[in-house]
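Here, each number is a calculation from the coordinates, and none is a lab measurement. Quantities reported herein were computed from a predicted structural model and do not represent experimental measurements. Cβ coordinates were reconstructed from backbone atoms using ideal geometry, including for glycine residues, and neighbour counts include every protein chain displayed.
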Amino acid sequence: MGCLESKDCLILGIDCSTRYTAVGYAKGDRVIGEMALDIGRYQSSLLPGLVEKLLSFVGFTLTDIDAVATTIGPGYFTGVRVGLSYAMTLAFGLEVPVIPILSLKALACDFLFVKNVVVIPVIWARGHEYYASAFESNGNDFIEIIEPKVIDEKELHSMINDISKRRSEQIFVIGDDVVRFRAKPEGACLVPNSTRGSNVAKLGFRFRSEAKCPSKIRALYLREPYS
């Protein structure tokens, strides 16, 4: 844990909770490289190579990594499992800690330093259901106003409408899966963005005090894969 006190610690960020496989590196809170690919069923076999290829490109080796930040869910069940399993295995091998990051918070991270907004990140769950939460950004941090849940599209629209009536902030619904909506929700702007691996790494640095031994990391699925 001592190395994480340095502002130049190297953190690997991994997110596989959406259809994209996102990898990124940060030295402290400075981004030094990232990539995101839609590799589908090849995620588990290609992820290790992507991590090492990007690391080589930015001029480091695996042994330079001080911590692994990884999303723990909710999100695509197989992706969460693949990303978390690889992150824990790598951390065990390197003898470094894992920093667990909520997938929805990583998805909303681009709005972290935007004042007076409410951000609703969404990840497709199945059918017309989504994993969603809501955060208020004060320009420096997120304040969770709705905890992560599974919600169908109709309920999601009602939630957005209720927030817009009660609050004056601009509302953004963010996630690559917003393109699946059957109707545009009223009172909100849709932002079809995917999670960036560098954001996971930066959040890892921000929450480095929450770093844990890999064996203590648990996934957040919110429900069983076929319930």
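Some values worked out for this structure:
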quantity: Inter-label distance, nm, simple model (7 Å from Cα along the C-beta direction), His128/Phe57; calculated: 4.0
quantity: Pair Asp8, Phe92: separation of 7 Å Cα→Cβ label points (nm); calculated: 3.3
quantity: Distance between segment 105-165 and segment 1-68 - C-alpha centres, whole angstrom; calculated: 26
quantity: Loop sites in segment 1-30: trypsin sites (Lys or Arg not before Pro), DSSP, at most 11 other Cβ within 10 Å; calculated: Lys7
quantity: Label-point separation in nm, Asp152 to Val179, each point 7 Å along Cα→Cβ; calculated: 2.5
quantity: The chain: antiparallel DSSP beta bridges as a percent of all, rounded to 5; calculated: 65
quantity: Paramagnetic reach from Lys165 in segment 120-150 [backbone N under 18 Å; point 7 Å along Cα→Cβ]; calculated: 146
quantity: Potential lengthening between Asn138 and Asp29 on full extension [0.36 nm per residue; Cα-Cα distance subtracted]; calculated: 37.4 nm
quantity: DSSP bridge orientation in segment 68-200 - percent antiparallel, rounded to nearest 5; calculated: 55
quantity: The chain - mean residue ellipticity at 222 nm from DSSP helices (-39,500 (n - 2.57) per run, n ≥ 4, rounded to 500); calculated: -8500 deg cm²/dmol
